[in-house]
Amino acid sequence: MSGIPPPNIAIIGGGIGGAFAAAWLRNASVRHLDVYEASERIGGRTLATQDQDETWATVELGASMGITENRYILEAARSLGLATELRSEVSWRGGGRLAIVGAGRKLAFEEGAWKATTLVRLLSRYGGRTLYRLGQQGSEFIRNFSRIYAAQDDGRAFATVDELLAVGGLHEWPRRSCAEAMAVLFSDAAAPAATELVAGLMRNNYGQDWAPSGALCCFTAIAPLAAGGSAAAIGLVGGWEGLTRGLLQSSSRSRSRRGSAGEDDPAAATIGATRPQLHLSRQVTSVVTQDDGRFVLSFADGSSAARVYDHVVLAAPCPTLPATAEAHDESPNLLRRCAPVPYQHVYVTLVWGWLDPAYFGKSEHAASFNAKFSDVLVADAAGRSVPFLSIGRFDEQHAPPAFPSAAVSAHDSAECARLYAGAHDGAGAIPRWKLFSAHELSPSDLAPLILCHEERLTVRHAWTSPGAYPISRPRNLSSFVLHESVSGGLFLHPSAIEAATSAMEVVAVAARNAALLLVQRLAQIRRANRLRENAELHQKFVEANAARAEADAAPPKSQFPRGETPNAKVGKGECAAGERVQPGE
């Protein structure tokens, strides 16, 4: 049997989703595995600072955190030899306490120096029953999500987002609002646990108001609380962008390692596996099918891909294309079958300096106030009275050369001189804060909030194309399968899951589902080809037997001329072969 040639597969998108899809597909007997990225770098919405001063901590500008229950991203990191760190154990996190800004920019809640103090404050502010329910809901979400791992370990794949989520009993939540879910959970959607804790986590994690958001997105935001809060929050040394880079660029000559589920680890390649070929600055603007069912990719510069593809994976948000008069399901450009969802713009600002206690209604010394906190969330009551969505502490320094010295301060304020002097003498530290906001923070926005900040050292990044996360709203969900060609080729969109909820681990799960769908389809095509070849061989055998039977049934042809008998030429006294001569003859 001749078989069929291994397929060519294209992956559109060089972020976490595209990297995981490529890692799981390269052992699937693929001929060519090409990854097309529109920008000049890989990583998608993972991005970290590249400060000139190597003593400064790397700060995530995009996706920042995993939790200990995130199986896929942590297994991949271990396989690639990338070091992880618990956020609670890094040295620059200050006192590690959480504060929530409420009405009038006052702190509605702040953790205490002792766990017992914090517990008393939590119970007093939110109530034991409410906190118990919140924790139970988060734990249940983690358990239910883990069922998807089990289904994928069994090789199950799902054509729609609903089918995938249904494995964990999560399929109804994307159609309900967070406000509805919290009303059921707390018996009151206006409970402080909702308007402060859930609201603060949604603003920090997704840059969005909690109440109108989809319930599944809310549960994703509160899951870290159930996992253990900061004690379960995990970062990647050097930034999560390194995970994407490692998955796409790790050598295919290394031997595969087995994961805990018995399947090849996504980050480990097998001898003879297909190494992904990365193509940067290649924005795909069109995907069409040929008559034979294979896919042709075209780019923004008007060129087309060097090869045609049997299958395509769109591991990126749906592109925004120019409007046409054609219906989406009638357009030859299959990208139009991908329904875009709006994205939330988020702005990131990294600034050195001290949070001003007076801004939050506090009269204490700035150094002691800043030494307490690692995270500041924003409750509903704060409204638009603050320009930021959240604040996190991500570094501290003891007056390195880049900063003003105690003798020569860049500020006229005597307070700044004292703060810098204290940091220089080791009595304190200069903290570095990361602020998320819905608009770019100007120096005038920062001035009343941050004491003594150095504008020349401030780093800004905007997530606006298309944005940081899809705007979460209750909605019906799409299919992972955008198109199936006449040859059985699949055009898949694993990023469709982000319309329900978004996180690195969620995207990795959807990428594995895409890989499983393709592996199953390849097996179906090979099986169909074997059946067809067997049928063809069987037909040839039947025809050959029929021809042989027909030949056997025909009367034998005589070897003598017409009219003669076998003994016609036998002379007198002779006998034909096989006859006996009788005596007397």
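Readers should treat all values here as calculations from the given coordinates under stated rules, not as data from a laboratory. Every value quoted in this text rests on a predicted model; they were computed, and no experiment measured them. Here the Cβ positions follow ideal geometry from the backbone for every residue, glycine too, while neighbour counts run over all protein chains shown.
Compute the distance from the alpha-carbon center of region 204-228 to that of region 72-114, in whole Å.
16
Excluding residue 544 itself, what net charge comes from residues whose Cβ is under 15 Å from its Cβ, given Lys and Arg +1 and Asp and Glu -1?
Within the 15 Å Cβ shell, the charges total -2.
So if each residue of separation counts as 0.36 nm, and I subtract the Cα-Cα distance between residue 552 and residue 124, what length gain in nm does that give?
On the way: separation 428, 0.36 × 428 = 154.08 nm, distance 10.02 nm.
Contour length minus the Cα-Cα distance gives 144.1 nm.
Among DSSP beta bridges lying fully in the chain, give the percent that are antiparallel, nearest 5. Don't jump to the answer; show the numbers that get you there.
Working: 47 of 66 bridges.
Bridges in the chain that DSSP calls antiparallel: roughly 70 percent.
Say a paramagnetic label sat at a point 7 Å from the Cα of residue 154, along Cα to Cβ; which residues of region 474-511 have their backbone N under 20 Å from it?
Residues 509-511 fall inside that zone.
If you fit an axis through the alpha-carbon atoms of helix 215-227 and take the longest principal axis of the Cα set of the chain, what angle between them do you get, 0 to 90°, nearest 10?
The answer is roughly 70 degrees.
I need the calculated FRET efficiency for the pair residue 462 and residue 540, taking r as the beta carbon distance and R₀ as 60 Å, to the nearest 0.05.
The value I calculate is 0.35.
Per DSSP H run of at least 4 residues, take -39500 (n - 2.57); add these up for the chain, divide by its residues and hand me the 222 nm value, nearest 500 deg cm²/dmol. Please report the intermediate quantities before stating the final value.
Numbers: 13 runs with 174 residues, N = 585.
Value at 222 nm, helices only, nearest 500: -9500 deg cm²/dmol.
List nothing, just return the count: lysine pairs in the chain, 8 or more apart or interchain, with Cα separation under 18 Å.
Lysine pairs meeting both conditions in the chain amount to 5.
At most 15 other Cβ atoms within 10 Å and a DSSP loop assignment: could you name the GluC sites (Glu not before Pro) in region 1-109 that fit? Please list the in-between numbers first.
Values: sites: 37, 40, 54, 60, 69, 75, 85, 89; in loops: 37, 40, 54, 69.
When the GluC sites (Glu not before Pro) of region 1-109 are filtered for loop state and at most 15 Cβ neighbours within 10 Å, 40, 54 remain.
Pairs of Cα atoms under 8 Å, at least six residues apart: use those to get the relative contact order of the chain, whole percent.
It rounds to 23 percent for the chain.
Which FRET efficiency, nearest 0.05, do residue 532 and residue 296 yield, Cβ-Cβ r, R0 30 Å?
Working from the Cβ atoms, E equals 0.70.
Could you tell me whether region 94-164 comes out rounded, prolate or oblate from its Cα gyration tensor? Rule is a ≥ b ≥ c as square roots of the eigenvalues, rounded for a/c under 1.5, then prolate if a/b exceeds b/c, otherwise oblate.
Prolate is the answer for region 94-164, as a/c is 1.5 or above and a/b outweighs b/c.
Would you kindly work out the equivalent ellipsoid of the chain from its C-alpha gyration tensor and give its semi-axes, the square roots of five times the eigenvalues, largest first in whole Å?
Semi-axis lengths for the chain are 69, 25, 22 Å.
May I ask for the net charge around residue 241, where only other residues with Cβ less than 10 Å from the Cβ of residue 241 are counted and Lys, Arg are +1 while Asp, Glu are -1?
Numbers: positive: 41, 45, 245; negative: 60.
Net charge around residue 241: +2.
Count neighbours as other Cβ atoms within 10 Å of each site's Cβ, and list the trypsin sites (Lys or Arg not before Pro) in region 1-101 that are DSSP loop with at most 12 such neighbours.
31
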